[in-house]
Amino acid sequence: MKLNELSRDSLLKLANDKKIYLEGNILKILESADGDVEVEEYLKFCKDKDTTARRKRLQVTKQVQQQNKELVDKQKETDSLMIELQNALDTAQKSEEEANKLREVAEKSKDKALEDLDLIQRKSQFKLIGTIVRVALFVILGVGILTTVMYAFAIVTDKETQIIGSTWSNMFGILLTNAFSIVGTIMGVKYASDKE
């Protein structure tokens with residue numbers, strides 16, 4: 001799909017003035033007009049930037065997977081520690097005084113291990129939630145801004161605005177719904193992770 005002169009100028013102006021560039025699958029189908037070096041460079045820059053953003057998202061996913069693996073390893077260590085403590089309690093019941101001391105040590109160790117595990121889980125959850133919120137907000141803002149710019153452009157150039165106006169209105173309704181969805185999901189994760 002080749003860019004017409006108006007679209008070309010708008011995209012280049014948006015990139016130069018606001019540092020906003022195209023992203024996603026649309027870059028696969030866009031082409032510059034014959035011999036338009038400036039648009040070719042713009043599209044190449046957009047593709048490179050999009051590839052970098054995808055790489056960063058992949059890195060975040062790998063990091064979360066690594067943290068989950070560490071959590072599983074910590075859980076195994078905690079389970080192993082709990083088994084060892086239980087065995088120590090069973091063999092130390094020769095005298096009531098020694099058994100009481102061992103129970104106190106076991107309870108403190110268990111509480112400490114559970115606190116450490118809970119802290120690690122909460123840290124990774126908050127990091128993951130923060131990443132999800134940031135990405136979702138960027139997508140929502142990007143779509144809202146792009147739709148608003150297209151609507152304003154249509155109004156300024158005296159083009160037909162009936163279709164794009166209803167699309168603009170629907171888009172903001174959808175974006176608002178998605179924003180509430182994100183907040184609801186975050187609150188659900190927060191309350192689901194509480195022990196009470």
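The values are calculated or read from the model by the stated rules, or taken from the named source; none is laboratory data. The structure presented is a predicted model; accordingly, all values stated were derived computationally and were not measured. Don't worry about glycine lacking a Cβ; one is built from the backbone with ideal geometry, like all the others, and counts go over all protein chains shown.
Details
- The stretch 127-181: number of residues that are under 28 Å from GLN67 (Cα atoms), of a type in the set (S, T, N, Q) and free of Cβ contacts under 8 Å to residues at least 40 places away in the same chain: 1
- Of the residues making up the stretch 21-76, those that are over 26 Å from LEU128 (Cα atoms) and basic (Lys, Arg) are LYS28, LYS44, LYS47.
- The criterion of being of a type outside the set (Val, Ile, Thr), more than 27 Å from the chain's Cα centre (by Cα) and either at pLDDT below 80 or under 24 Å from LYS62 (Cβ atoms) (or both) does not hold for GLY130.
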